[in-house]
Amino acid sequence: MLVLLDLVRGDCPAGCPAVPLFLLFPALKEALSHRQGHKLALAVLEFLAGLATEKKAREALLHEDDWTDVVEVLERCAAPGPRGENSGNVDGLIGGVGGKVERHDSAAVATVATISDDRWNRAWADMLAQLCAMLPRAGPHQARPVMDMFLRLGPQLPDAAAQALLEWYAEERLLGPSADGSERSWLDGARSLTRSFLADAKRPRTIRLFLLERLKDALPMVEALCSPEEVREFAGLALECVPREKDPRVLEGLAGFAVLVTGYEESDLFDEAVGLLSVTLWSNLKGKGSHSSSKLVQSAPPACLSPPSSPSLPRVVTQAFVRLFLRSATSNPFRTRTLFLKLLDIAGSDHVDSDARVEALGLLFRLRADADTRALRVVEHAEGERIAAVLGRRTVATASGPVSADDEAHGVYSRESRGDPKRSASSPSEEQQKGPLRESRSASGLTTRSSASNKSSVRSDAAVANTPAAVVTEPLWMYPDRVSLPEAPARGASAVVFVGKDAAGAHENLSPALDMARWLERVVALLQSGVADWDVYAYVLAHLGPQLANKSLFAEAVPQLQLLRSVLCEQVKNSSFHEPPPPSAVAHAGQGGQGGALHTPKKADVAVCLMHILTMLIAYHEHFRKDQQDELVRSFALGLGSWDRTPRWAIHALGVCALEMPLSTSKSLDTIVRKMSQIITQSNLAVHILEFLVVLARLTDVWRNFREEEIKMVFGVSFRYLQYVRDRDRTGSPLVGSGGSAAATGRGMTTGGGGGRPPASADDLPQYVYALAFHVIIFWFMALKMEDRPAFMAWIAHNLTYADPANPGREVVEEQAQVTIDMMQRVAFCDADETAPDPAVAGAPEGAVLKRSWLVGMSVVTIETLARSGISQVTRRRPSATRYSLHHPRLRKPPRHQVAEPSSAAAAAAAVAGSSSSSSSASAFAGILPEHVLQELYAPLIPSLSGNPFAELPVPLPEDDMTARALSSFDRISPVDGHKVGIVFVAPGQTTEVEILRNEAGSLAYATFLSRLGTLVKLKGAGFNTQGLDRSEAGVDGEYTYAWRDRVSEMVFHVATMMPTRSLEEDQFAVAKKAHVGNDFVNIVWNESGREWRFDTLPSEFNYVYIVITPEERGGAKEWLDASGNAEVEQHEGSEHGDHSTTSSTGPPPSSSAPPRRPAPSTQPFYKVHVLSAPGFPELSPAAEPKLVSARSLPTYIRALALNASVFSLVWARRHAGTETVSSWRNRLREINKLRERCGATRSSWRASAGAAAGNGPASNGLNSSYQGASLAVGPVPLATTLGGVGGAGAAKPSPQQHHQHHQSRASAGLAAGPASPAIGPGKPSRVSAATFLSDATSRNSVASLAEEMERAASEEGWSVSRP
């Protein structure tokens, strides 16, 4: 053979011809056919292996057109005949490339080891390696015989040769039929490859997956060109491997193949594929060889976290079921129902691995139903991220967004440790398994849920064996990395699959439907079962609430909903819900790595999740009995103090209960308020408690049965929080900003120096707490019954006064406290706020009106007297309001026998005549000067006559231009705080800013919501602050808008759909509308797009908060109808001030107005309300976690959210500037003080009281305790009693006055002008409310008794008196 080798090489002796290859191989084949034997075959094999190593020989061989003889020689060498005990054993001849055995089991290794002739193995290995190296350069006719030989060798082929064989089959497209039908042996080749390589578990995973991918690539051609029988046979090649497969990655590929196959065939093949997958699932349960993903190992240090293991076999099967479900849901209801039931069984079985159960739950919790048709819809996002964070299932990357103050206070994540940890691409064990196959797409064909599952392969057996006992796997699910579906669901609702029997029955030939009652039963069972599987239990807790928000999904599951409510209420009541595993046994994403770890869940976190689920159940209250609703409210009340993290969630839920279940809330309200008063020491709850009390103040029907002590408890909460803010201010803690409401700010502020991180909790923003505390005081006082208000005035004023720490013995009344006291005096005996000047006075000719102004306490009193008639218009400018009243003396001629005293009258008449152009002015002078009216209505000018040595004298203001300008400036300051809120409508399918802003109208539900949110007012010539909307004749911003106002605040809505939409040529990007909504801190978004609202949809630097309103199910934007079936849409032109005030919001409605009728429960659509905040903006809103609110309660809820968000935004906007946002009331007070300083009036100390400390009357009960006299650091509270007719624009006609001086001697502190009933007019008796806030307490038992005495005095003087 050596000589022959030299001859072939061309190294032969002189004269010897070279042997060409085309003669060599036929000769070798002939020799082997005549003489069989081990020695000859080995010699030929070694000869050929040596020949293949020669470059010249390889080149010569590559130039041979036909390699058939080469292949035949090799095959005869592989079976040379008898050669001992192993002769003819081809399996013993085939080893690994390079002489290394690549068999994967010990039996194969032992078989090869028994070969006596190692030369045989080496020769075969060298020969096959050289053939594989030449194949890339070989032509089709050369490679085909080699591949046919490889295919015949089949299971005995080395891995390198197997790789070459599969790649060649893929390149030549031999795994499927040819287009012309010339190849008929493709199915036999596919069968041989499948059985030799795919079914062989000993082969490397890369080879098996590569073959599986090629089978998937050939499937479309097979389905298009072959008969159904051939398609079935081809599909069965891979499917028959499913039950025996134990490699999760290969099973993923097989399952992916099954998913593709079922898409091409009818239900018979679907049933076969699902059946085979089910066999795999139920034969690999816990304890049958598969690992349990939920197993936790104790005492694992954070640094010992292992990478996620490979998915269990049941999870792979479950993932295939999920993919089949997503594809069948759009076309086949029967398949969908079959898969739905299988997923229910998987989710509810304790014997299935945890990762498989979580996979099933991931789909089941994404099921939704449309409102109109109840058609099935699968959402892409599970909407459980925020609740998952409570359980420590949110990665640091996700936590980089806004986080509530309560979460940060309890350590949900570290603000300083935000990162984006990523897993490694693959483990070393997988790299070792990769062969030289060319790069191809994923062989599995089945996307797993986790990125770690995609990028991190299963650890090798050696790595698993070396894993220390203390290593713990990461959680099975985590936001955002491991919560996605294996493939994206179809957009929109299904046309063939419906939820519930009623829905399916309404459509022909579209049954069966999905039974969601059965699903809800499984959920209840999971909540009741043990916590052995924490991953499953936590997944249910995090995702049940968002699914319950879709009411149409559970329309036919009323008994199950009642059971769910009962179970959860019982668990909350008895604290019998499950506790998370010990901290040492739970691992969290990010531990030991970049960014730190989230907090370890505790039992209180589970309670938070239950509170969230119960909050969603409020929307189903129409299905609960009254006692069941009561129990639901009591459960939330338990959340106020039973666990350390539940109060915030319970408070937010109770806010919804007060709107949706007022009777049940009222029943437990005393307990609720008492528990809130007990937890006010937790500063992180301040904002939530106060916002709840602000909303509650407007719901007078809920607390109408409150006793005196409960009301005092509400005020006491505010006083405690005010003291908390003062203590922070005194200790030098950094404060940022101040509230911006009439009921809001009143303090100086300090800043902590710019450059620090922005505060993110209420504890960092005490000025907002300060604002809300005064909101509570003001709104609750106004909401009290009028007869109860005087009893609280002295007590509230006393608690608003505090001792100056820097000056012991000196008491301080802050600016905001002063204006609050002014408000109490103004509304104590009257709810009629709006008055107007008399046009007769304003239109009087020059010289016919005598005008004077005085500073009286905290007010400016201007008296304008008509010289001829003596009628006087009294204008009192107070911090909280401006009041107009008429003083009309009923003059008559003196008796004939009375001696005339013309001296003073003549002088006055001369003065009038001197200032008038009329010669008859003096003769027509009535003899009354403005000073006379002041003397009658207010305290005597001489302090000693009043009985109060500390009484303050009215200070006359100079009649000059500066005073006129000051009063004009004062009049331009509105008595209510103004807020602007944008409103945009998003139509179905809209996503861009331009198409949203160019909407000119919305749905009927949107229009009805606007009509209930505010009042339609006309912009042209509006007499109120339109917050930037054009009021001119041009109507640039439209003709109308909506506005809302109470006695403290005013909101003007910038409604984008009501603004003119210019043509694309004039305003392509809707800049005119964006100029308004883009500059509003708060925007309301009515979202019917069918997509989640993104905060950056309307990019702006000034939009801090979006209040997003979404129908609770798609298609759920129904009409809002009243009991008569007519849509309620109110439109008002508005008065001079804009007739858009709301009287019922701060007090009981007039008795003449009937309460709105509530529609039947079945007609009440529900809406999801979600507040989105700008990055870095604190999430303090009750709707930071979405809430479900009925159409009836939606406007009230949205107004409260918008108003509080606007106040907070004003605080937030000035946090870096170091300035405060001063309320309108305080601005008006400051203007009055400027006038006082200009006039040089000294601010004397004053002492006052409000009745005896212990009164016996019903109005006392200890509330009218003496207002302790003290030296105050600020100006006095105004003299605030009312004894004057108020006629609005008309003139009141009081009875004749005969005992004016006697009356003034009875009034210890003077009388202030005040409003009366709007019904007062000519010929009608005026209504007079007489009482005092600051009076001599020596001879009176209560304010009520003082009021009665003063009213008697007024009656004696000829005034018409009526009780309030």
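The values are calculated or read from the model by the stated rules, or taken from the named source; none is laboratory data. What you see is a predicted model, and the numbers here were worked out from it, not measured in a lab. Ideal geometry is used to build each Cβ from the backbone, glycine not excepted, and the neighbour counts take in all protein chains shown. These accessible areas exclude ligands, DNA and RNA; they are computed on the full protein's heavy atoms, side chains included. Shrake-Rupley method; radii C 1.70, N 1.55, O 1.52, S 1.80 Å.
When K851 is tested against (1) over 23 Å from L953 (Cβ atoms); (2) surrounded by fewer than 22 Cβ atoms within 10 Å (Cβ to Cβ), just one condition goes unmet, and that condition is (1). The number of residues in segment 622-643 that are open to solvent by 10 Å² or more (accessible area, probe 1.4 Å) and either within 18 Å of S575 (Cα to Cα) or in a helix (DSSP H, G or I) (or both) comes to 12. Screening R208 with (1) in contact with a helix residue (DSSP H, G or I) (Cβ under 8 Å, 6 or more places away or on another chain); (2) more than 22 Å from L251 (Cβ to Cβ); (3) surrounded by 19 or more Cβ atoms within 10 Å (Cβ to Cβ) gives one miss only, at (2). Hey, can you tell me all the residues within segment 1038-1059 that are under 26 Å from the mean Cα position of the chain (by Cα) and over 30 Å from A832 (Cβ atoms)? Residues satisfying the conditions are H1054, V1055, A1056, T1057.
State the number of residues belonging to segment 644-665 that are surrounded by fewer than 19 Cβ atoms within 10 Å (Cβ to Cβ) and part of a helix (DSSP H, G or I).
Step one: of segment 644-665, the residues surrounded by fewer than 19 Cβ atoms within 10 Å (Cβ to Cβ) are 644, 662-663.
The next check asks that each one be part of a helix (DSSP H, G or I); those that pass are 662-663.
Residues flagged as surrounded by fewer than 19 Cβ atoms within 10 Å (Cβ to Cβ) and part of a helix (DSSP H, G or I) within segment 644-665 amount to 2.
Within segment 663-720, the set of residues being in contact (Cβ under 8 Å) with a residue 12 or more places away in the chain and acidic (D, E) comprises D670, E691, D701, E708, E710. Note on segment 959-975: among residues that are in a helix (DSSP H, G or I) and under 51 Å from the mean Cα position of the chain (by Cα), the one that is farthest from P930 (Cα to Cα) is S969. If you check L324, L313, L339 for being over 18 Å from S494 (Cα atoms), of a type in the set (A, V, I, L, M, F, W, C) and modelled with pLDDT of 50 or more, only one passes: L313. Of the listed requirements (1) open to solvent by 60 Å² or more (accessible area, probe 1.4 Å); (2) in contact (Cβ under 8 Å) with a residue 60 or more places away in the chain; (3) under 30 Å from T1221 (Cα atoms), A803 misses just one: (2). Restricting the search to strands (runs of 3 or more DSSP E) fully inside segment 1011-1078 and requiring at least 3 residues that are out of contact with any Leu (no Cβ under 7 Å at 6 or more places or on another chain), buried (at least 19 other Cβ atoms within 10 Å of the Cβ) and of a type in the set (A, V, I, L, M) gives an empty result. The residue pairs whose first member lies in segment 159-176 and is farther than 10 Å from I207 by Cα, whose second member is of a type in the set (G, A, S) and buried (at least 21 other Cβ atoms within 10 Å of the Cβ), and whose beta carbons are closer than 6 Å, counting only pairs six or more residues apart or on different chains, are L175/A190. Among the residues of segment 598-610, the one identified as farther than 9 Å from G545 by Cβ and under 16 Å from the mean Cα position of the chain (by Cα) is V608.
Based on this model, can you work out whether A273 counts as part of a helix (DSSP H, G or I) and more than 17 Å from R323 (Cα to Cα)? So A273 does not fit the description; no. Here is a check on your reading of the model: is R1031 of a type in the set (K, R) and closer than 30 Å to I777 by Cβ? It is false that R1031 is of a type in the set (K, R) and closer than 30 Å to I777 by Cβ.
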